[in-house]
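Asks: Let me begin by handing over the structure; questions about it come next.
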Amino acid sequence: MSGKQVKRFHTDGGGEYTSNKFAEYLISAGILKIMTMPYTCGSSADVEWGNRTIMECVQCVLDDGGTSQKYRAFAVSMAVYLKNCTLTQSVVSKTPYGAWYGRKSSLKHLGVFG
């Protein structure tokens, strides 16, 4: 892998990440859990926008290819991978993939989904 470690985990306190077991895991892994104010647009708007973009891509890919909904998880994985291999404002002059792995991403191995 990259040899890098997640240092902080940001959440708005939604139910997905509130279990004691998950909190114990974060502590054991040395990851700081940071809670933002719940239900405030300012703290979660970018994340919500990103999630919506990914899910719209997933639905388009599944619909366009006539692919069953049982492949939804694979489509999500593909959408996130493609998002990380494209330029973004949050990382200057690199893709998120390039910033994490220290090398340019190649899309030559990609094919049609489905």
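Asks: Take Ile34 and Glu48, extend 7 Å from each Cα along the Cα→Cβ direction, and tell me the distance between the two endpoints in nm.
Replies: Output for this residue pair reads 2.0 nm.
Asks: Using only DSSP helix segments of four residues or longer, with each worth -39500 (n - 2.57), what per-residue ellipticity at 222 nm results for the chain after dividing by its residue count and rounding to 500? Write out the running numbers ahead of the final one.
Replies: Values: 4 runs with 53 residues, N = 114.
When only DSSP H runs of four or more count, the value is -15000 deg cm²/dmol.
Asks: Compute the angle between helix 41-65 and the longest alpha-carbon principal axis of the chain, please, reported from 0 to 90 degrees and rounded to the nearest 10.
Replies: It works out to around 30 degrees.
Asks: Right, here's the next one. Once the Cα atoms of helix 72-84 and of the chain are each reduced to a long axis, what angle between those two axes, in degrees from 0 to 90 to the nearest 10, is obtained?
Replies: It is inclined by approximately 80 degrees.
Asks: Any of Lys4/Lys33; Lys7/Lys70; Lys4/Lys83; Lys33/Lys70; Lys21/Lys94; Lys33/Lys108 with alpha carbons more than 29 Å apart? Name them for me. Walk me through the numbers on the way to the answer.
Replies: On the way: Lys4/Lys33 17 Å; Lys7/Lys70 33 Å; Lys4/Lys83 20 Å; Lys33/Lys70 32 Å; Lys21/Lys94 35 Å; Lys33/Lys108 37 Å.
Among Lys4/Lys33; Lys7/Lys70; Lys4/Lys83; Lys33/Lys70; Lys21/Lys94; Lys33/Lys108, the Cα-Cα distance tops 29 Å for Lys7/Lys70; Lys33/Lys70; Lys21/Lys94; Lys33/Lys108.
Asks: Set Lys and Arg Cβ to +1 and Asp and Glu Cβ to -1, take the dipole of the chain about its Cα centre, and tell me which of Phe22, Ser68, Ser93 lies farthest positive.
Replies: Of the options given, the answer is Ser93.
Asks: Kindly state, to the nearest 0.05, the FRET efficiency for Gln59 paired with Leu110, given R0 = 22 Å and r defined as their beta-carbon distance. Working shown, then result.
Replies: On the way: r = 19 Å, r/R0 = 0.87.
E(calc), rounded to 0.05, equals 0.70.
Asks: Further question: Give a quick list of trypsin sites (Lys or Arg not before Pro) in the range 56-114 that DSSP marks as loop, anything other than H, G, I, E or B, with at most 11 other Cβ atoms within 10 Å. Walk me through the numbers before you get to the answer.
Replies: Numbers: sites: Lys70, Arg72, Lys83, Lys94, Arg103, Lys104, Lys108; in loops: Lys94, Arg103, Lys104, Lys108.
Qualifying residues, ordered by number: Arg103, Lys104, Lys108.
FYI, it's all coordinate maths here, none of it is from the lab. Just so it is clear, the model here is predicted, and its values are computed rather than measured. Glycine also receives a Cβ, built like all others from the backbone with ideal geometry; neighbour counts cover every protein chain displayed.
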